[in-house]
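Encoded as structure tokens, the structure appears first; notes follow it.
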Amino acid sequence: MRGHAEVAVLTVTPLPTGMSLDTPCTRNGSDNICVACPAGTFLSHPNTRPKCNACYTCDHQTFQTVVSNCSATSNIVCGCEPGHFRECQNKDDPCSDFSCKKCKTCPGKLLLRPCSEWQDAQCGSCKPDFYAEGSECRPCHTSSPETCGEECQRVCGHRARDSGLEYILLGLTGPLFLGALAIYHKRKRLQMETPAASPLPTVPPWDCTGPTAHVHPITQRAAATEVVQCQVWEPGTARRSSECSALLHQHSSSSTTEPMEPRAAHGPAPSSPQRCSMLQGSQLYAVINAVPVRRWKEFMRVLELRDTEIELVEMEVAPFRDRQYEMLKRWCQQTSATLDRIFAALEHMDLSGCAETLRQSLALGP
């Protein structure tokens, strides 16, 4: 129809997210001119808006923290720092406007619900060994009889009576354990010491071949020519061996090899043993050399030297040969110490060869 103007309707196509309309199209079919949202702005939906929205900022004064940064297509996302939870300013869902509050702690109390980003922690009653005092829970071990109230006595009364007992027991058993440990290590160290610290027999421990096979230098203890007393029995009470006569240190003109005959002309024999002359320390080494090293302690036990004496010598004397000398010296100080008992002990240990070696060694001695 003439007289009626034609009206052109222009349709604007929505722009993608993150883009704003800069110049709209001028005719149908033409393209819009759009630009990306600048920094600090965003558009999160398809639109035809000529301007982008400004990004929010997180309020650090209320302990907010950035969860994700602002971009051209999304706004900034804020959350709470660790140890804080959201307290919404409005009750709308979702909680877009909020502040962050510090989570409560539950010292000495049972934790019923841990703190999360959306809710505070929930505390329960006091833990075991804690008692309530006002709104707090205090540990029992910090209480004293003077400050322990009714609730404290109810919860911690039996513990307060027993407090300190474990420390007393620990104080008593600690030194005892340390002392026992020190004695054990000392004995172990002494037992592990090798006999190389002093001269030892060089023959095999089970061999007794001759009187000269065990000759060794005299140690400093033997050089002092310490003497011990040997006891023999007179005729009529026990056999007196010629070996004991060979061990006598003579200071008179009488011969050491003179046979010991019954002295009928001198009257009846006494009924009790008497002491013989004193022996030089070097002569005791003839006995030490005759006994195998590995069977020495067995030899002393057969001679009935007490185990306490043997252990005491092992702790006090370090060189092995000096230990042998000290054990034999202590045995010789007994009232029943005789050479006959030494030979009998060797025979009892099936060391008859060693006994014969000792007899020959004593016969050749000074």
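The values are calculated or read from the model by the stated rules, or taken from the named source; none is laboratory data. Bear in mind the structure is a predicted one, so any value in this text is a computation, not a measurement. All Cβ positions, even for glycine, are placed from backbone atoms using ideal geometry, and neighbour counts span all protein chains on display.
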Name the single residue, out of those in the range 335-365 being in contact (Cβ under 8 Å) with a residue 24 or more places away in the chain and outside any helix (DSSP H, G or I), that is nearest to Lys188 (Cα to Cα).
-> Met349
Residue satisfying all of: in the range 299-334; in a helix (DSSP H, G or I) and over 40 Å from the mean Cα position of the chain (by Cα); modelled with the highest pLDDT among these = Val302
Unique residue being over 30 Å from Ile183 (Cβ atoms) and small (Gly, Ala, Ser) when the list is Ala318, Ala345 | Ala345
Scope the range 126-154; condition in a strand (DSSP E or B), under 28 Å from Cys80 (Cβ atoms) and not charged (D, E, K, R); matching residues = Cys137
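Here's the yes/no breakdown for (1) touching an Asp or Glu at 6+ places or on another chain (Cβ under 9 Å); (2) in a loop (DSSP other than H, G, I, E, B):
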{"position": "Pro50", "(1), (2)": "yes, yes"}
{"position": "Cys70", "(1), (2)": "no, yes"}
{"position": "Asn75", "(1), (2)": "no, yes"}
{"position": "Cys78", "(1), (2)": "yes, no"}
{"position": "Ser96", "(1), (2)": "no, yes"}
{"position": "Ser99", "(1), (2)": "yes, no"}
{"position": "Cys106", "(1), (2)": "no, yes"}
May I ask you to list the residues in the range 308-327 that are buried (at least 21 other Cβ atoms within 10 Å of the Cβ) and in contact (Cβ under 8 Å) with a residue 60 or more places away in the chain?
-> Arg321, Tyr325
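Residues checked against (1) loosely packed, with under 11 Cβ neighbours inside 10 Å; (2) within 59 Å of the chain's Cα centre (by Cα); (3) within 30 Å of Gly157 (Cβ to Cβ):
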{"position": "Ser71", "(1), (2), (3)": "no, no, no"}
{"position": "Gln119", "(1), (2), (3)": "no, yes, no"}
{"position": "Lys127", "(1), (2), (3)": "no, yes, yes"}
{"position": "Gly134", "(1), (2), (3)": "yes, yes, yes"}
Residues of the range 36-50 that turn out to be under 9 Å from Thr73 (Cα atoms) and of a type in the set (Ser, Thr, Tyr), as a count | 2
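So that you can scan it fast, the table gives a plain yes or no per residue for (1) at pLDDT 90 or above; (2) within 25 Å of Gly134 (Cα to Cα); (3) of a type in the set (S, T, N, Q):
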{"position": "Ala72", "(1), (2), (3)": "no, no, no"}
{"position": "Asn75", "(1), (2), (3)": "no, no, yes"}
{"position": "Glu87", "(1), (2), (3)": "no, no, no"}
{"position": "Asn90", "(1), (2), (3)": "no, no, yes"}
{"position": "Pro94", "(1), (2), (3)": "no, no, no"}
{"position": "Phe98", "(1), (2), (3)": "no, no, no"}
{"position": "Leu112", "(1), (2), (3)": "no, yes, no"}
{"position": "Trp118", "(1), (2), (3)": "no, no, no"}
Does Ser68 qualify as being small (Gly, Ala, Ser) and at pLDDT below 85?
-> no
